[in-house]
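The structure appears below as structure tokens.
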Amino acid sequence: MRILSAVLLTLVLFFSADLSSGQEPAGDFIKLPSPEVKGSVSVEEAIDKRISIRDFSGEGLSLEQVSQLLWAAGGATSDGITGATRAYPSAGGLYPLEIYLVAGNVQGLESGLYRYEWRKHALIPLEKGDLREKLARAALSQRMVREAPAVIVVAAKLEYTVRRYGQRGAERYVSMDAGHLGENVHLQAHSLGLGAVMVGAFSDKEVKGIIGRKDEMPLYMIPVGKPALRGKQ
Ligand SMILES: Cc1cc2nc3c(=O)[nH]c(=O)nc-3n(C[C@H](O)[C@H](O)[C@H](O)COP(=O)(O)O)c2cc1C
């Protein structure tokens with residue numbers, strides 16, 4: 001019975017831990033500093049103090065901060081059972097979300113659009129130039145998108161989840177995945193002394209144009225940076 005259970009568990013893990021999402025990078029990539037897995041702010045404290053931050057100080061982000069935020073968004077982690085998973089849970093281990101970075105004021109990183117390659121913990125440069133103004137216009141001119149030093153954009157390859165789960169996957173699971181990812185970024189931002197806000201109000205068509213992917217459904221923009229004022233103390 002025990003052997004049968006072990007075999008079944010192995011099969012379940014094998015078929016569920018796809019961890020997919022994302023083509024392998026074709027060209028150059030920028031390796032990010034290794035993420036920290038220990039911090040000085042407890043999970044409880046981060047949950048208690050987290051609030052949406054819409055006013056940023058004007059300071060830039062360091063590459064270490066960007067690295068940490070992207071890792072928390074969807075980087076590789078180790079769960080001790082399968083050996084490797086990712087920072088948030090995903091229905092069926094299918095991981096349909098792509099993570100982009102629109103960098104405007106990040107030390108050591110040219111302004112531009114990048115895709116986060118979680119397997120390598122690296123950035124794939126996609127386009128040069130400061131795209132924050134364009135992104136803000138796509139988000140009904142919400143000024144924090146323009147003013148944050150960087151914006152994380154999350155988009156879904158819906159077919160990854162729909163292929164297995166049909167309508168239920170499209171209507172529920174993909175958005176649930178994005179919610180988990182978003183809260184990770186929120187909590188990580190707080191623990192770094194940064195702030196973030198989830199932005200869901202934008203033109204899908206315009207954001208698809210900015211990330212250059214008509215086949216992906218944008219779900220979130222997450223402007224992140226040093227808060228102008230501290231939140232709840
Ligand atoms: C799916 C989603 C979409 C959101 N879209 C926006 C948005 O477009 N603009 C904005 O300013 N805040 C947006 N928010 C942030 C909420 O307004 C905010 O989380 C809520 O008011 C609670 O405040 P708190 O985060 O400070 O606790 C969004 C939040 C979620 C979860």
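Of note:
- For the stretch 183-189, 3J(HN,Hα) computed residue by residue from phi via the Karplus equation (6.51, -1.76, 1.60; θ = phi - 60°) reads 5, 4, 5, 4, 5, 5, 4 Hz, glycine and proline entered as x.
- Sum of -39500 (n - 2.57) over DSSP H runs of 4+, divided by residues of the chain (222 nm, nearest 500): -10500 deg cm²/dmol
- Summed residue charge, Cβ within 15 Å of Lys205's Cβ, Lys/Arg positive, Asp/Glu negative: +1
- Only the Cβ atoms of Lys and Arg (+1) and of Asp and Glu (-1) were treated as charged; on that basis the dipole of the stretch 25-119 about its Cα centre amounts to roughly 200 debye.
- Note on the stretch 148-233: Cα Rg divided by 2.2 N^0.38 Å, N the number of residues, gives 1.23.
- Local net charge near Gly104, Cβ-Cβ under 10 Å (Lys/Arg +1, Asp/Glu -1): -1
- Charge tally in the Cβ shell below 14 Å around Val43, where Lys, Arg are +1 and Asp, Glu are -1, Val43 excluded: -1
- With coordinates expressed along the principal axes, the C-alpha atoms belonging to the chain extend over 61, 40, 34 Å, beginning with the largest.
- Value of relative contact order over the stretch 2-225, rounded to a whole percent, pairs C-alpha under 8 Å and six or more apart: 25
- Extension gain, Asp28-Glu110: 0.36 nm per intervening residue step, less the Cα-Cα distance, totals 28.1 nm.
- In a fully extended conformation the segment linking Glu64 and Ile51 would gain 2.5 nm over its present Cα-Cα distance, using 0.36 nm per residue.
- Sequence ranges 46-52, 98-104, 175-181, ranked by mean other-Cβ count within 10 angstrom, highest first: 98-104, 175-181, 46-52
- Straight-line cross-link reach from Lys31 at under 23 Å between alpha-carbon atoms covers these lysines, not counting any fewer than eight positions away in the same chain: Lys120, Lys128.
All of the numbers you see were taken from the coordinates with simple rules; none came from a lab. Nothing here was measured: the structure is a model prediction, and the numbers come from that model. A quick note on method: Cβ atoms are made from the backbone with ideal geometry, for glycine too, and the neighbour counts reach across all protein chains shown.
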